[in-house]
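The values are calculated or read from the model by the stated rules, or taken from the named source; none is laboratory data. Please read all numbers here as calculations on a predicted model, not as lab measurements. Cβ coordinates were reconstructed from backbone atoms using ideal geometry, including for glycine residues, and neighbour counts include every protein chain displayed.
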Amino acid sequence: MRNFLWFLFISILISLAIGIYFKNSVDVVTGERIIGFTVLTGAFIYLPFFLYHRWKDKRLQDYTLSEENLKKMKKDNY
């Protein structure tokens, strides 16, 4: 999964650079389409995979503010 994320991230950066090059040199409309597709790919494909990879095997209860966690925080502060 880590290698897939790196490959996807690098390809998104390359695609963004190509879009900026096209926008500045070749054709504005084509460059904007490439940049837009890159942003959509980053938001709807890369981001969910990245978030799944980072949150896998983690307990959500460790990061929520519950009564038990409040008691632990108060105990540690005093």
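Counted as qualifying within the range 2-78 are the helices (runs of 4 or more DSSP H) with 1 or more residues that are within 18 Å of the chain's Cα centre (by Cα) and surrounded by 11 or more Cβ atoms within 10 Å (Cβ to Cβ), namely 2-21, 28-41, 47-55.
Pairing each residue of the range 1-27 that is over 21 Å from Leu51 (Cα atoms) with any residue that is of a type in the set (Ser, Thr, Tyr), provided the two are 6+ apart or on different chains, yields C-beta distances under 7 Å for Ser15/Thr38; Leu16/Thr38; Gly19/Thr38; Phe22/Thr30. Screening the range 22-78 for residues that are aromatic (Phe, Trp, Tyr) and under 22 Å from Phe7 (Cα atoms) and picking the one that is modelled with the lowest pLDDT gives Trp55.
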